[in-house]
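Undergrad: One structure coming up, written as structure tokens, with questions to follow.
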Amino acid sequence: MTSDTSAAGWQGWDAYAPFYDWENRRTIGRRDVRFWTDLARRADGAVLELGCGTGRLSVPVARAARRFVGIDRSAPMLRRLRVRIRRARLDGKTSILRGDIRALPFRRRWRCRLVMAPYGMLQSLLSDEDLARMLESVAGVLPRGGRFGIDLVPELPRWQEYHRRVGLRGPMSGGRRVTLIESVRQVREHGLTVFDQEFVEWRGRRRTVHRFSLAFRTVSVPQVAARLEQAGFRIDAVLGDYAGAEWSPDAEVWVIIARRV
Ligand SMILES: C[S@@+](CC[C@H](N)C(=O)[O-])C[C@H]1O[C@@H](n2cnc3c(N)ncnc32)[C@H](O)[C@@H]1O
């Protein structure tokens with residue numbers, strides 16, 4: 001389990017990789033896909049996805065974009081994405097990189113037209129310093145007018161704490177069955193919400209337990225908007241759903257669209 005004081009937001013994802021698609025097909029699914037593909041189509045240039053993971057969004061976005069670059073720190077997540085990109089025959093216009101979004105590994109002159117940070121990606125950065133380093137790095141790859149889209153998971157601090165609740169269960173590929181037992185902890189002194197996940201996998205009568213934790217920072221829309229402005233961005237829009245409704249603190253979706261100035 002993650003110790004609360006040493007948690008790092010990039011931890012836990014390697015162990016999650018085999019279960020990520022299984023769980024997210026049953027949760028977020030394709031709800032945000034159209035939103036990101038529309039933005040990518042309008043970008044009229046290269047699109048960079050921060051924390052692309054197994055490619056839930058990368059494959060449709062790569063189809064819509066002129067050129068697509070995905071970056072993620074987790075090798076097991078990226079292995080899955082590479083298979084999907086190959087199968088979709090998108091290799092020709094796609095680059096997948098293993099790296100940390102706090103120090104983007106691009107040549108000095110490399111630029112893209114849209115950077116996207118979907119599905120709470122930025123909440124994996126657990127301190128203000130990490131957020132500032134990432135913003136500086138993103139500002140370095142966007143030309144003036146280039147856009148930065150951010151989707152935050154709403155109001156993490158309001159999530160009820162619970163202990164060992166069966167979240168999901170069902171069949172998985174290869175004749176397996178999986179049960180997810182989940183706990184949520186609020187670590188208020190560090191501004192973190194921690195998900196302790198236990199995936200119990202059955203192959204016939206053989207049972208394997210996979211345990212890991214994911215920590216997320218409880219940032220707010222005004223806080224991220226202020227940091228964006230300090231880092232040389234202007235806020236174009238703050239949306240409360242994926243169809244363009246205006247944001248309010250109780251909105252189910254928290255999307256910020258910023259522009260490099
Ligand atoms: C919520 S998943 C999002 C995956 C995908 N974008 C989606 O929408 O389904 C977050 C991803 O961010 C990656 N990640 C977390 N911290 C990171 C960091 N500091 N640098 C690069 N990737 C990171 C994780 O490995 C994970 O794949």
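The values are calculated or read from the model by the stated rules, or taken from the named source; none is laboratory data. Since the model is a prediction, treat every value here as computed from it, not as a measurement. No Cβ is skipped: glycine too gets one built from the backbone with ideal geometry, and neighbour counts run over all protein chains shown. Quick note on the areas: whole protein, heavy atoms, side chains included, nothing else; ligands and nucleic acids left out. Shrake-Rupley method; radii C 1.70, N 1.55, O 1.52, S 1.80 Å.
Undergrad: Using the Cα atoms of segment 157-216 to build a convex hull, what is its mean projected area in square nanometres?
TA: Projected area, direction-averaged: 4.5 nm².
Undergrad: Just add up the charged neighbours of F233: K/R +1, D/E -1, any other residue whose Cβ is under 12 Å from the Cβ of F233.
TA: Result for the neighbourhood of F233: +3.
Undergrad: Quick check: Cα centre of segment 26-81 to Cα centre of segment 195-261, how many Å?
TA: Rounded to whole Å, the Cα centres lie 15 Å apart.
Undergrad: Same structure, new question: Of V238, A88, P143, which is farthest on the positive side of the dipole of the chain, counting Cα position, with +1 on Lys and Arg Cβ, -1 on Asp and Glu Cβ, and the Cα centre as origin?
TA: Of the options given, the answer is A88.
Undergrad: Leaving out ligands and nucleic acids, note down the accessible area per residue over segment 157-216 with a 1.4 angstrom probe, in whole Å².
TA: Averaged over the residues of segment 157-216, the accessible area is 60 Å².
Undergrad: Could you pull out every residue, at least 5 positions away or on a different chain, whose amide H is within less than 5 Å of the one on G70? Hs are placed 1.01 Å off N in the peptide plane, and Pro or chain starts have none.
TA: When sequence neighbours closer than 5 places are left aside, the close amide H contacts are E49, S95, I96, L97.
Undergrad: Please list, in chain and number order, the residues 5+ apart from L126 or on another chain whose amide H is under 5 Å from its amide H, with Hs placed from the backbone.
TA: Under 5 Å from the amide H of L126 lie the amide H atoms of G9, each far enough along the sequence or on another chain.
Undergrad: With the cut-off at 18 Å, report for segment 139-261 the share of all Cα pairs above it, as a whole percent.
TA: Beyond 18 Å sits 65 percent of the P(r) for segment 139-261.
Undergrad: Enumerate the amide H contacts of A251 below 5 Å, restricted to partners 5 or more residues apart or on another chain; note that Pro and chain-start residues carry no placed amide H.
TA: Counting only residues 5 or more places away or on other chains, the set is empty.
Undergrad: Would you mind working out the magnitude of the charge dipole of the chain relative to its Cα centre, with +1 at each Lys and Arg C-beta and -1 at each Asp and Glu C-beta, to the nearest 20 Debye?
TA: Computed charge dipole of the chain: roughly 1680 debye.
Undergrad: If packing is taken as the average number of other Cβ atoms within 10 Å across a peptide's residues, how do 249-258, 144-153 rank, most packed first? Write down the numbers at each step before the final one.
TA: Numbers: 249-258: 17.7, 144-153: 20.0.
Sorting 249-258, 144-153 by mean packing, highest first, produces 144-153, 249-258.
Undergrad: A follow-up question, please. Going through segment 115-192, which GluC sites (Glu not before Pro) have at most 14 other Cβ atoms within 10 Å and a DSSP loop state?
TA: When the GluC sites (Glu not before Pro) of segment 115-192 are filtered for loop state and at most 14 Cβ neighbours within 10 Å, E161 remain.
Undergrad: Counting only C-alpha contacts under 8 Å and six or more residues apart, can you give the relative contact order of the chain as a whole percent?
TA: Rounded, it is 18 percent for the chain.
Undergrad: Compute the relative contact order of segment 157-216 as a whole-number percentage, counting only Cα pairs closer than 8 Å that sit 6 or more residues apart in sequence.
TA: 27
Undergrad: For segment 188-195, take each phi angle, set θ = phi - 60°, evaluate the Karplus expression 6.51 cos²θ - 1.76 cosθ + 1.60, and give the result in whole Hz per residue in order, putting x for glycine and proline.
TA: Here the 3J(HN,Hα) series is 5, 5, 10, x, 10, 10, 10, 9 Hz.
Undergrad: With point charges of +1 on the Cβ of Lys and Arg and -1 on the Cβ of Asp and Glu, referenced to the Cα centre of segment 157-216, which listed residue (F195, T179, A215) lies farthest in the positive direction of the dipole?
TA: Highest projection toward the positive end goes to T179.
Undergrad: Over all distinct Cα pairs, what is the inverse of the mean 1/r for the chain, reported as the Kirkwood hydrodynamic radius in Å?
TA: With all distinct Cα pairs of the chain included, I get 19.0 Å.
Undergrad: Shifting gears a bit: Restricting to DSSP H runs of at least four residues, report the calculated mean residue ellipticity at 222 nm for the chain, -39500 (n - 2.57) per run over all residues, nearest 500 deg cm²/dmol. Each step should come with its number before you reach the end.
TA: Values: 6 runs with 68 residues, N = 261.
That calculation yields -8000 deg cm²/dmol at 222 nm.
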